[in-house]
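Here's the structure we're looking at; comments come further down.
Each value in this text was obtained by applying a stated rule to the coordinates, not by laboratory testing. Remember, it's a predicted structure, so these values are computed and weren't measured experimentally. So basically every Cβ, Gly included, is an ideal-geometry build from the backbone, and we count neighbours across all protein chains shown.
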Amino acid sequence: MNKINLNQKLSLFNDYWQPHIIGELNGQLVKLVKFKGPFTWHHHEQEDELFLVVKGRFRMEFRDSDAGSGTDHKSDLAGEKANQEREVWIAEGEMIIVPRGTEHCPVADEECHVLLFEPASTLNTGNIENELTVKNLNRL
């Protein structure tokens, strides 16, 4: 049981869109990642994701679909029509939970530091495999 200093861990890497594991509990991973630029559109069939901004800000873009997640989390997207795009800005000290099945794309105009909390099975690019996919994460 050691405390973890987020800023110290963030100082250990400079790469973007490469999550690093800093903790694990109950089958969930706590990860740190730096965002800059656009990521890739994707969704996660089985996993919800929590994004907490440590420094900076980013926007989460959504494309709603009729796929449904089987959870009540979709209520956060109430009032939006199927396949309609929208965005939410998440600033330092704020967080957002993206429900499973929700197509999303994080975009950071400037460098942004983010803590992720998600099941260990979560692949960073979800249902998509491309040059941004990271299957083997580094532990800090």
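Give me, ordered by chain and number, the residues 5 or more places off Asn138 or on other chains with an amide H under 5 Å from its own placed amide H.
Ile21
Work out how much length Arg63 to Arg139 would gain on full extension: take 0.36 nm times their residue separation and subtract the Cα-Cα distance, in nm to one decimal.
Fully extending the segment from Arg63 to Arg139 adds 24.2 nm.
Taking the Cβ of Ile4 as the centre, find all other residues whose Cβ is under 13 Å away and add up their charges (Lys, Arg: +1; Asp, Glu: -1).
Net charge around Ile4: +3.
Under a point spin-label approximation (7 Å from Cα along Cα-to-Cβ), what is the Glu45-Leu132 distance to one decimal in nm?
2.1 nm
Would the range 78-140 count as rounded, prolate or oblate if I go by the C-alpha gyration tensor, calling it rounded below 1.5 in a/c and otherwise prolate when a/b exceeds b/c, oblate otherwise?
Details: a/c = 1.77, a/b = 1.29, b/c = 1.37.
In terms of gyration-tensor shape, oblate.
Which order do peptides 100-112, 26-38, 3-15, 124-136 fall in by mean Cβ count within 10 Å, highest first?
Result, highest mean Cβ count within 10 Å first: 100-112, 26-38, 124-136, 3-15.
Compute the relative contact order of the chain as a whole-number percentage, counting only Cα pairs closer than 8 Å that sit 6 or more residues apart in sequence.
Once normalised by length, the contact order is 37 percent.
Show that you can apply the helix-only estimate: for the chain, add -39,500 (n - 2.57) for every DSSP H stretch of four or more residues, divide by all residues, and state [θ] at 222 nm to the nearest 500.
-500 deg cm²/dmol
Note down the net charge around Leu29, summing +1 for each Lys or Arg and -1 for each Asp or Glu among other residues with Cβ under 12 Å from its Cβ.
Local charge sum for Leu29: -2.
Farthest toward the dipole's positive end in the range 1-58, which of Leu6, Thr40, Pro19, given Cβ charges of +1 (Lys, Arg) and -1 (Asp, Glu) about the Cα centre?
Of the options given, the answer is Leu6.
Calculate one ³J(HN,Hα) per residue across the range 27-37 by plugging θ = phi - 60° into the Karplus curve 6.51 cos²θ - 1.76 cosθ + 1.60, and present them in order as whole Hz with x for glycine and proline.
x, 10, 10, 9, 10, 10, 8, 10, 9, 7, x
Give a residue-ordered list of calculated ³J(HN,Hα) values for the range 86-97 (Karplus: 6.51 cos²θ - 1.76 cosθ + 1.60, θ = phi - 60°; whole Hz; x for Gly, Pro).
Each residue's phi maps through the Karplus curve to give 8, 9, 9, 8, 10, 9, 3, x, 10, 9, 9, 10 Hz.
Measuring from label point to label point, each 7 Å out along Cα→Cβ, what is the Leu12 to Asp109 span in nm?
3.3 nm
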